[in-house]
Amino acid sequence: MDTLLVLIPALPFLAFITIVLVTNHDKRLSASLTIGATALSWLLGWYFAFRALLHPEHYAEHPMAWTVPWFPGGHTVFVTGFQVDLLTAAMLFMVPFLCLLIFIYSLGYMEGDPRFSRFFAYLALFATGMLGFILADNMLLAFIFWELMGVCSYLLIGFWSFRKPGETHIDHAQVERARRASLKAFITTRVGDTVMLAGMVLLYAMTGSLRWSEVLAPHTLERLAEQMTQMPVFGDVRWATLLAILVFWGAIGKSAQFPLHVWLPDAMEGPTPVSALIHAATMVSAGVYLIIRTFPLFHVVAHGHNGAMWFVAFIGTFTALFAATIGVAQFDIKRVLAYSTISQLGYMFAALGIGAYVAAAFHLLMHAFFKALLFLGSGSVIHAMHHGHHVAHEHAHGEEDLGGLEFNPNDMRFMGGLMKKMPITAWTFIAGGLSLAAFPIITAGFWSKDEILAEAWHNGHMWVFWTLAVAAFLTAFYTGRQIFMTFFGEPRTEAARHAHESPKTMTYPLIILAVFAIAGGWVGIPETFPGLGPLVKGWFQSVMEIQAEALHIHMEPVPFNPVPALISMTMALGGLLVAWLIYGTRPLGFEDPLERPLNGLWQVLYHKYWIDEIYQGTIIAFAKWFAVFLYKVDDVWIIDPLVDKVGRFGRWLAFSTRRFVDEQIIDRLVNLTAWVSNVLGEWFRQIQTGQVQNYLLAIALTVTVLLLLTVF
Amino acid sequence: MVPLSWYLAVAAVLFVLGLFGVLSRRNAVAILMGVELMLNAVNINLLAFWRYTQPENVAGLVFAVIVLTVAAAEAAVGLALFIALYRLRESVNVDEIQLLKG
Amino acid sequence: MILKVVFLLVSLFTVGSALMVVTHKNLFSSALFLVASFFGVAALYVLLEAEFLAVAQVLIYVGAIATLIIFAIMLTRGMMSGRTSPRNDQAAWAGLASVVLGLVLLYVVVFRVQWPVVEKPVPPDTIEQLGRALVGRYVVPFEVASVLLLAALVGAVLIAREKEV
């Protein structure tokens, strides 16, 4: 039965192959293949997930597994395969389900696209990558699927860059932006992946294995934690710390943490389902999943000496706040969400950095649901705006005044009042937004975020707690701002006036996701929470704690503390309230009400701290200069002339060799051999007289001599 | 009675005379005559040994008879060859026949 | 004693004829000396009490082979005259080899080896025994010899005939 695990990633892959090779021309069939394969994967995935989650004690220690020998490596055979333990089960609950919903949503969103089939082929390939990644039982296989996702990300972000401008509604600038964004995403994540690859190679060198079960075995980890290595700048470093940080860099790239976060907002150039799927719900959470998976490696070094944990906590916390501040000053509906994603992923890393294994996993799942919902909702809005713009254009009486701005269906400044036009989208979006803002008690986001804050408070990481609390406030604020700017007030443009609700293939997934975004968190209400706690008894926590125990991570249940809970609620409600005060109480123009009062700070935030420009001016400029320099070294100054000289020397050498060695020595030797043979032949042929009597005489003489020898 | 070694001595002399003829003569027919002399020497030996060692065993006689037969056959074929050769080359001089000269 | 004298005379005659065979310039004379030599050998056979072989020697060698040789000489006669020497270039070497070999042989057969001689008379039925042996114990060599003769006969005809036929 466990062999069926193979099918979970294999089915979408088969769909991909079939679409690319066979059904490319039939859009309907291609989409059906992808959705059908994913649906089967989903059913299988839930079967395995629930089997594991309902018998947690057994499967925490003995994961469902399917293995096969891969290749011989030195003394051992490298075994690969798939496994389902409780962590994988939790992911398996979320990933195929979200994939399926988003694929269905894509049916409506991508309607009429000339490369519809191709899009679904990529989606299927992506599903293969993500499912394979969470199921892989060793790091190498996981890395392969990880990179497969990277490729899909590149292909899907740049999906519209392969299009000729004017083919449909995509203009030239957008094509160019998509092309740049896809390259940026690919190259930026590659930076992290390279470091991670180094970590993986070192890990293999140190432990002789890459299987999770072997690498993360307690005695292996203790050995890694005790052995020291000499580093150039940092001095003595424990192997565990070094390896953990190297692996974490992979997560920094994939999960868009500072300083490698720059690709994610640009990735919003891709079609919105892609943003929802890859850049919010699943792929970026792969980095978090990787760290949760390898958490024992981070955790094994005692607290206080643990540079890796500190590093993770710092990066996570910093990114959480940093991205949240940028989110405040963005106008593109998807970019706001993109920065919120970065920020929320920062939350998860911060949680991991302070040892909140369960809370991180919980937030990962909850975030996936509500962020997918938000992105799909924003896609629905963009779809409607686009459509409205199109309709408005047909009935246009002259150019519309947009405050000197160019129309962009993503721009929230051109929206407003969409609640009446598209109620389903609006209500589901609001549900997701409240969850993101951690609206107390009812939303999933509250329970997961509160858990992180409670852990931080409980374990005494006050700087983490307060930074995250501020970020929570900002999150609530920009979420509220987004909701009010988009759905409330009066329509600010003709496009918004002509918008209408999206088709059912788009709204149904939204409704389903909204249910999860609200109710999903209830499985994780901590047992100690007054009133509600005893009803649920922290089911999710207890399951994940069993998994943690199996990995020899000791989790102390956090007792309920009203102080952080109240602070958390205050921040969420306060953020929403401030947003309502600024954006909800009076009609908005094309200028943000905060733009003038904050002035300089606003510019900083609007330009994203100029991180992109800084990179452009430093690293990329250096890389370009270095490339030119190397080109000069290569072609002009050193290598080419050297190669030339070597070539000339080779020619001279060959010429001299021919003249002095070949012609003078070798040739003469050969001729000498022939001459000797000739002389000998001439000499010996005289014996061959052809006269029988000569031979007879020779015989007679020989016999005579022999006889003489015998006789005397 | 004549000693055996006398016969053997006569046969030896006859044999080397034949050998000398074979080695020194030009004419193929003369060479053939030398060969016949050598064969006669052999026959004398055969009969001498028969007579002086085992006269009751006729093997020596049988061998002599067969040598005689072979000599006849050899002479017939040899002479036929000479005639063919002569017809071809207008010569039976052995030293002029050296097709295999290296 | 008389036998020894007779033997020496016959031997001298035989060897002398043989010497003439290999040394005489005239090929025809050589052939005639060969006949004489054959007769000498036949006489030696008689002295060895092998009368049957002596008769056969005369019949075959003198009657058949010598005749054949003379025929051959006559048929190839064109080459007999006009030549200064019947000997080839290596005659001296041939003589040396023959003389040395002859001396060695003589030394060996006369002085070196002690021959195991038995003094026995020849059985009276020797001819009969010879005939029985030829068709009994030695029938295979006998038959092979006859086949050889037949082959030689056919071969000689085939080789010597005119090619136009």
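The table below lists the values:
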quantity	calculated
Residue match in region A:485-508 (condition: hydrophobic (A, V, I, L, M, F, W, C), free of Cβ contacts under 8 Å to residues at least 24 places away in the same chain and in a helix (DSSP H, G or I))	no
Subset of region C:133-143 (residues that are exposed (fewer than 13 other Cβ atoms within 10 Å of the Cβ) and within 26 Å of the chain's Cα centre (by Cα))	C:135, C:139, C:140, C:143
Filter pass, residue B:36 being facing another protein chain (nearest Cβ under 7 Å), acidic (Asp, Glu) and within 22 Å of residue C:150 (Cα to Cα)	yes
Residue identified as buried (at least 19 other Cβ atoms within 10 Å of the Cβ), facing another protein chain (nearest Cβ under 7 Å) and out of contact with any Leu (no Cβ under 7 Å at 6 or more places or on another chain) among B:80, B:76	B:80
Number of the condition not met by residue C:28 [criteria: (1) touching a residue at least 12 places away in the same chain (Cβ under 8 Å); (2) within 7 Å of chain B (Cβ to nearest Cβ)]	(2)
Restricting region B:44-71 to residues that are small (Gly, Ala, Ser) and within 23 Å of residue C:136 (Cβ to Cβ), the residue that is nearest to the other protein chains (Cβ to nearest Cβ)	B:64
Where a residue in region A:558-583 is surrounded by fewer than 16 Cβ atoms within 10 Å (Cβ to Cβ) and its partner, wherever it lies, is among the aliphatic types (A, V, I, L, M), with Cβ under 8 Å and at least six apart	A:560/A:454; A:561/A:454; A:574/A:476
Qualifying helices (runs of 4 or more DSSP H) (wholly inside region A:594-706; at least 2 residues being within 14 Å of chain B (Cβ to nearest Cβ) and surrounded by fewer than 11 Cβ atoms within 10 Å (Cβ to Cβ))	A:667-685
Condition met for residue A:495 (of a type in the set (A, V, I, L, M) and buried (at least 22 other Cβ atoms within 10 Å of the Cβ))	yes
Within region B:26-50, tally of residues that are at pLDDT below 90 and more than 14 Å from the chain's Cα centre (by Cα)	2
Residue, nearest to residue B:80 (Cα to Cα), within region B:14-47, restricted to residues that are of a type in the set (A, V, I, L, M, F, W, C) and open to solvent by 30 Å² or more (accessible area, probe 1.4 Å)	B:35
Subset of region C:86-112 that is closer than 18 Å to residue B:37 by Cβ and either touching a Pro at 6+ places or on another chain (Cβ under 6 Å) or among the β-branched types (Val, Ile, Thr) (or both) - its residue that is farthest from the other protein chains (Cβ to nearest Cβ)	C:99
Residue check, residue A:147 among the acidic types (Asp, Glu), open to solvent by 20 Å² or more (accessible area, probe 1.4 Å), under 30 Å from residue A:175 (Cβ atoms) and in contact (Cβ under 8 Å) with a residue 12 or more places away in the chain	yes
Number of the condition not met by residue A:225 [criteria: (1) surrounded by 13 or more Cβ atoms within 10 Å (Cβ to Cβ); (2) without any contact (Cβ under 8 Å) to a residue 24 or more places away in the chain]	(2)
Residue count for region A:110-148, restricted to those that are assigned to a helix (DSSP H, G or I) and within 30 Å of residue A:64 (Cα to Cα)	25
Listing of helices (runs of 4 or more DSSP H) fully contained in region C:1-91 that carry 2 or more residues being among the aromatic types (Phe, Trp, Tyr)	C:2-23, C:27-47
Where residue A:70 falls short, out of the listed (1) out of contact with any Phe, Trp or Tyr (no Cβ under 8 Å at 6 or more places or on another chain); (2) not in a helix (DSSP H, G or I)	(1)
Residue list for region C:114-147, restricted to those being outside any helix (DSSP H, G or I) and more than 8 Å from chain B (Cβ to nearest Cβ)	C:114, C:124, C:125, C:136, C:137
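The values are calculated or read from the model by the stated rules, or taken from the named source; none is laboratory data. These numbers come from a predicted model, not from an experiment. For neighbour counting, all protein chains shown are included, and Cβ atoms are generated from backbone atoms with ideal geometry for every residue, glycine included. These accessible areas exclude ligands, DNA and RNA; they are computed on the full protein's heavy atoms, side chains included. Shrake-Rupley method; radii C 1.70, N 1.55, O 1.52, S 1.80 Å.
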